[in-house]
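Reviewing the structure listed below.
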There are 2 protein chains.
Amino acid sequence: MILIGERINGGFKDIQRAVGEKDKTILKKWAKRQTEAGADYLDVNIGAVSNKVEDFLWMIETVQETVETPISIDCNKVEFIKKALEICKKEPLINSTTAHDGKLEEIIPLAVKYGASLIGVCMDEAGSPKDANKRVELAAKIFTAAIEKGLPPEKLFLDPVVMPLKFLQPQASHILEAIRQFKLLSDPPPHIVVGLSNISSQTTEISLINRTFLTMAIEAGLNAAICDVTDTDLVNAAITTELIQNKHIYSDSFLKAYLATKVKT
Amino acid sequence: MILIGERINGGFKDIQRAVGEKDKTILKKWAKRQTEAGADYLDVNIGAVSNKVEDFLWMIETVQETVETPISIDCNKVEFIKKALEICKKEPLINSTTAHDGKLEEIIPLAVKYGASLIGVCMDEAGSPKDANKRVELAAKIFTAAIEKGLPPEKLFLDPVVMPLKFLQPQASHILEAIRQFKLLSDPPPHIVVGLSNISSQTTEISLINRTFLTMAIEAGLNAAICDVTDTDLVNAAITTELIQNKHIYSDSFLKAYLATKVKT
């Protein structure tokens with residue numbers, strides 16, 4: 001399971017303040033905490049805090065001063081992504097391209113040039129997909145474009161677009177069905193990733209809904225998630241799901257054993 | 001989701017003592033607690049405490065004095081099942097028949113005569129199944145025998161036989177695959193049930209493994225479980241899995257709302 005820590009995001013008040021005041025402490029704290037919790041990538045998103053690329057680069061540099069965990073460059077501005085790619089010390093993840101032709105043309109060659117991995121979000125000009133079929137159609141389009149432009153399939157992460165259960169309840173089943181079908185796109189299958197926290201948006205049971213959906217999605221074929229890696233119950237659910245799938249060998253300390261193989265601050 | 005409370009079982013020390021001393025208090029406590037937690041049936045199993053049918057009937061009567069929840073008659077002695085069927089006030093569940101010809105011949109007609117539901121465990125003379133195919137073969141045999149002998153399909157619960165993750169780790173995937181295939185036996189599909197706690201037997205993370213496997217099994221098609229219904233995390237996981245499947249409508253109080261529709265002590 002590839003865990004992408006969601007917490008260094010300008011949408012959170014403490015990050016917003018940290019960027020505004022150039023206070024490295026908060027960013028360093030979350031870089032360290034998420035890495036210790038097992039994050040494989042740390043997502044960095046400046047949100048609406050600033051539109052200066054220097055501020056975005058400052059965030060990435062602050063994280064890189066603290067931990068060696070690769071960066072997930074979470075931004076929809078191509079210029080920001082380019083500058084970020086230049087300073088990343090470890091091979092990063094670009095979050096993201098959509099299935100929009102112009103986006104694919106611009107972003108895939110950048111990923112290839114820098115040896116980065118890439119999240120392909122199954123949205124296009126028409127907006128968010130409404131069913132499994134549309135998700136699969138867009139996933140196939142992204143997958144084909146990536147292969148054609150020379151991105152190795154193992155560097156592609158397909159994202160079926162998770163929608164809030166509270167407002168679009170029937171979508172959850174479509175997303176799980178899409179994941180099952182994404183698995184059939186190639187052998188070995190591409191990585192499949194979700195922005196997990198969307199599923200529980202504005203609900204009263206955030207952690208419970210996140211971990212239950214994560215278990216269902218892993219069973220469907222998911223192998224990566226942008227999520228709250230500091231939610232121990234969530235990470236334990238992911239590890240246990242993979243244990244039941246026979247992907248790790250059972251030992252009485254299987255939870256600790258799994259993290260021990262990952263965490264190197 | 002049909003929840004069958006596992007706790008009134010001679011395998012537990014307090015039940016063993018209660019039966020030995022004819023102390024109704026303990027049985028009444030578990031009958032009430034499990035019913036309040038949402039049990040649809042209360043499993044009653046005398047275990048190795050006594051081989052007197054009167055003791056088994058005393059257990060059932062004690063439960064029936066306390067709550068109106070139907071009984072799951074958990075016993076492999078036909079004579080005990082017969083006597084129990086005579087005293088059950090609500091339509092019970094017989095737990096269980098195997099796919100053994102002699103068993104099917106004896107138990108199915110009893111279920112039909114008393115209007116009881118029946119668990120068909122996918123084992124035969126050769127013992128426990130080792131893969132999904134064998135489970136499906138035995139499920140089909142039980143299903144066919146039930147229909148031929150006049151048991152309505154909605155009264156049949158097929159059990160794929162859960163094995164301990166700690167000792168037979170690859171079996172979990174076979175069991176999930178078997179559940180997916182059981183669903184295809186008829187339309188609407190038969191009930192599918194597991195003895196959940198087996199999965200976590202002798203592990204260090206009983207509740208975590210139980211609830212994670214339960215979520216995966218419900219997503220595969222399970223709709224009933226013999227389990228620790230007093231484990232709130234477990235029941236919440238089951239409710240949330242069905243919520244994600246769009247089987248209940250989301251409300252901020254969806255956990256309470258679900259139990260409110262079930263619990264009538």
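The values are calculated or read from the model by the stated rules, or taken from the named source; none is laboratory data. All of these numbers come straight from a predicted model, not from anything done at the bench. FYI the Cβ positions are ideal-geometry reconstructions off the backbone, even for glycines, and counts take in every protein chain you see. Protein only, heavy atoms only, side chains kept; ligands, DNA and RNA dropped before computing areas. Shrake-Rupley method; radii C 1.70, N 1.55, O 1.52, S 1.80 Å.
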Exercise. Which residues, counting only those in region B:230-265, are open to solvent by 50 Å² or more (accessible area, probe 1.4 Å), β-branched (Val, Ile, Thr), assigned to a helix (DSSP H, G or I) and within 14 Å of chain A (Cβ to nearest Cβ)?
Worked result: B:THR232
Exercise. Restricting attention to region B:198-215, does a residue exist that is under 15 Å from the mean Cα position of the chain (by Cα), polar (S, T, N, Q), surrounded by fewer than 21 Cβ atoms within 10 Å (Cβ to Cβ) and assigned to a helix (DSSP H, G or I)?
Worked result: yes
Exercise. Does B:ILE147 fit the bill of being touching a Gly at 6+ places or on another chain (Cβ under 6 Å), part of a helix (DSSP H, G or I) and either more than 14 Å from chain A (Cβ to nearest Cβ) or surrounded by 18 or more Cβ atoms within 10 Å (Cβ to Cβ) (or both)?
Worked result: no
For this session: Output the number of residues of region B:106-144 satisfying the condition of being part of a strand (DSSP E or B) and either touching an Asp or Glu at 6+ places or on another chain (Cβ under 9 Å) or touching a residue at least 12 places away in the same chain (Cβ under 8 Å) (or both).
Result: 6
For this session: Mind listing whichever residues of region B:142-192 are β-branched (Val, Ile, Thr) and over 19 Å from the mean Cα position of the chain (by Cα)?
Result: B:THR144, B:ILE147
Problem set entry | Matching option when the condition is within 14 Å of chain A (Cβ to nearest Cβ) and either open to solvent by less than 60 Å² (accessible area, probe 1.4 Å) or closer than 17 Å to B:GLY221 by Cβ (or both), among B:ALA132, B:ALA139, B:ALA111 | B:ALA132
For this session: List the number of the failed condition for A:SER117; all other conditions in (1) touching a Phe, Trp or Tyr at 6+ places or on another chain (Cβ under 7 Å); (2) within 14 Å of another protein chain (Cβ to nearest Cβ); (3) among the small types (Gly, Ala, Ser); (4) over 21 Å from B:ALA217 (Cβ atoms) hold.
Result: (2)
Exercise. Out of all the residues in region A:172-183, which are open to solvent by 20 Å² or more (accessible area, probe 1.4 Å), within 14 Å of chain B (Cβ to nearest Cβ) and not small (Gly, Ala, Ser)?
Worked result: A:HIS174, A:GLU177, A:ARG180
Problem set entry | Contacts under 8 angstrom Cβ, first residue in region A:236-265 being on the phi > 0 side of the Ramachandran plot, partner small (Gly, Ala, Ser) and open to solvent by 30 Å² or more (accessible area, probe 1.4 Å), 6 or more apart | A:ASN246/B:SER173
Exercise. Are there any pairs with C-beta distances below 7 angstrom linking a residue in region B:79-90 that is within 18 Å of B:GLU106 (Cβ to Cβ) to a residue that is in a helix (DSSP H, G or I) and among the aromatic types (Phe, Trp, Tyr), with the two at least 6 apart or on different chains, and if so which?
Worked result: B:PHE80/B:PHE56; B:ALA84/B:PHE56; B:LEU85/B:TYR114
Exercise. What number of residues in region A:150-171 are of a type outside the set (D, E, K, R), farther than 16 Å from B:ILE249 by Cα and surrounded by fewer than 17 Cβ atoms within 10 Å (Cβ to Cβ)?
Worked result: 3
For this session: Please specify each residue of region B:164-194 satisfying the condition of being hydrophobic (A, V, I, L, M, F, W, C) and over 12 Å from A:ASN246 (Cβ atoms).
Result: B:PHE167, B:ALA178, B:ILE179, B:PHE182, B:LEU184, B:LEU185, B:ILE192, B:VAL193, B:VAL194
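One line per residue, one yes/no per condition, for (1) within 14 Å of another protein chain (Cβ to nearest Cβ); (2) closer than 17 Å to A:ALA37 by Cα:
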| position | (1), (2) |
| --- | --- |
| A:LEU185 | no, no |
| A:HIS191 | no, no |
| A:LEU196 | yes, yes |
| A:ILE199 | yes, no |
| A:GLN202 | yes, no |
| A:THR215 | yes, no |
| A:LEU222 | yes, no |
| A:ALA225 | no, yes |
| A:ASP228 | no, yes |
